[in-house]
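FYI, it's all coordinate maths here, none of it is from the lab. Small disclaimer: the values here were computed from a predicted structure and weren't measured. Glycine gets a Cβ as well: all are built from the backbone with ideal geometry, and neighbour counts include every protein chain shown.
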Amino acid sequence: MLRNKLKKYKLILASGSPRRQQFFKDLDLDFEIRLKEIEEVYPPELEAAEITNYLAELKANAFEGELQTNEILITSDTIVWHNNKALGKPKDEQDAFEILKSLSNTTHEVITSVCFKTNEKTALLHEITKVTFNELSDESIRYYLENYKPYDKAGAYGIQEWIGFIGVSKIEGSYANVMGMPTDKVYEYLSKLA
């Protein structure tokens, strides 16, 4: 449906995330993947969505001057925001264990920002989803880490994996957002361009 409306544009997804790439396939969009190595560092005074907005735009700005007139570049960034702190991807197994332990029996926010960049303009949107975990035993955390190795995921977990099935008791907001992309908002934004 939207694919036909966007025929005059070329969508470029600047993400190595298999989940984000799958979302674009599932939305029936034609897109190309272009990747650049970006050092994801942000000013320490930023909080919550300010962080993901900054990083999504930073990733898009790496392509400055390279876009053709009909190209729409899409970048994004996701963090877990918990106890006024951003939880990114874990450094190692011990870090992942401590992150999951801190999320046990609490509610945290998953924040994703998406940046749309063309030659003419840059637009940002973000989504916040609240996720509540049951109490996670040390045994279940270790089992998850050994079997699923979620070291490429913000907050050290994938909601679509085993830990999401046994550990998540409540979600307020977009489920897809917790997986790294507020698909409904992305689709809505692109629809307005068509």
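Sparse packing (at most 12 other Cβ atoms within 10 Å of the Cβ) combined with a DSSP loop state is found for none of the trypsin sites (Lys or Arg not before Pro) in the stretch 140-194. Listed by chain and number, the aspartates and glutamates whose C-alpha is less than 17 Å from the C-alpha of LYS149, apart from same-chain residues fewer than 8 away, are ASP92, GLU93, ASP95, GLU98, ASP138, GLU139, GLU161.
Once C-alpha pairs closer than 8 Å and six or more residues apart are averaged by separation and normalised to the residue number of the chain, the relative contact order reads 22 percent. Summarising the strand pairing of the stretch 1-122, around 65 percent of its internal DSSP beta bridges are antiparallel. Couplings 3J(HN,Hα) of the stretch 55-72, computed from phi: 5, 5, 6, 4, 5, 5, 5, 5, 9, 3, x, 9, 7, 7, 4, 9, 8, 10 Hz, in residue order, whole Hz [Karplus 6.51 cos²θ - 1.76 cosθ + 1.60, θ = phi - 60°; x for Gly and Pro]. Summing charges over all other residues whose Cβ lies under 14 Å from the Cβ of GLU146, with Lys and Arg as +1 and Asp and Glu as -1, gives -3. The GNM of the chain, with springs linking C-alpha atoms under 10 angstrom apart, assigns the highest mean-square fluctuation among GLU50, GLU139, GLU127 to GLU139.
Seen against the Cα atoms of the chain and their longest principal axis, helix 138-148 is set at about 40 degrees. Result for the chain in a Gaussian network model with C-alpha springs under 10 Å: among ALA154, ALA62, ALA96, the largest mean-square fluctuation is at ALA62.
Pick out which of LEU67, LEU103, LEU125 has the largest mean-square fluctuation in a Gaussian network model of the chain, springs linking Cα atoms closer than 10 Å. The residue with the greatest mean-square fluctuation here is LEU67. Would you work out which of GLN21, THR106, GLY88 lies farthest towards the positive end of the dipole of the stretch 1-107? Charges go on Cβ: Lys and Arg +1, Asp and Glu -1. Sorting the options by dipole projection puts first GLN21. Counting Lys and Arg as +1 and Asp and Glu as -1 over every other residue whose Cβ lies under 9 Å from the Cβ of CYS115, the net charge comes to 0. Extension gain for LYS25 to PHE63 (0.36 nm times residue separation, less C-alpha to C-alpha distance): 11.4 nm. Close amide H partners of LYS10, meaning residues 5 or more places away or on another chain with modelled amide H under 5 Å apart, are GLU71, ILE72.
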